[in-house]
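First the structure, in the form of structure tokens, and then the observations on it.
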Amino acid sequence: MLYDLAQRIAALEMLAHLSMVLAGLAIVVVALLGGGLGVIAGKKQGSALDNGISLVGYIGISVPEFFWG
């Protein structure tokens with residue numbers, strides 16, 4: 001029984017580590033993508049590209065969190 005508990009704890013520690021790595025990668029990807037698209041939209045203000053990037057951003061913010069899961 002003690003061995004089973006040790007295995008469960010090890011599995012939970014590994015899962016927590018992988019979750020933190022995944023969250024960190026997601027933050028980096030979103031920051032780079034959002035920053036790049038923001039610069040593009042800022043340089044081409046009023047263009048169709050700017051409006052498209054803004055529309056995608058508004059839709060992304062408006063959709064509930066559970067939908068993306």
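Carbon-plus-sulfur accessible fraction, the chain (probe radius 1.4 Å, protein heavy atoms only): 76%.
When mean projected area of the Cα convex hull in nm² is computed from the coordinates, the matching label among (i) 5.6; (ii) 4.9; (iii) 6.0 is (iii). Which FRET efficiency value, to the nearest 0.05, do you get for A31 and A11 by plugging their Cβ-Cβ distance into 1/(1 + (r/R0)^6) with R0 = 35 Å? Approximately 0.70, to the nearest 0.05.
What is the local net charge at D50, summed over the other residues whose Cβ is closer than 13 Å to its Cβ (Lys, Arg +1; Asp, Glu -1)? After counting each charged neighbour, the total is +2.
With everything on Cα atoms, drop me the angle between helix 2-43 and the longest principal axis of the chain, reported from 0 to 90° to the nearest 10. Around 10 degrees separate the two axes. By the helix-only formula, in which each DSSP H run with n ≥ 4 contributes -39500 (n - 2.57) and the sum is divided by residues, the chain has a 222 nm mean residue ellipticity of -30500 deg cm²/dmol.
The values are calculated or read from the model by the stated rules, or taken from the named source; none is laboratory data. Every value quoted in this text rests on a predicted model; they were computed, and no experiment measured them. All Cβ positions, glycine included, derive from the backbone under ideal geometry; neighbour counts span all protein chains shown. Heads up: the accessible areas ignore ligands, DNA and RNA and are worked out on the full protein's heavy atoms, side chains in. Shrake-Rupley method; radii C 1.70, N 1.55, O 1.52, S 1.80 Å.
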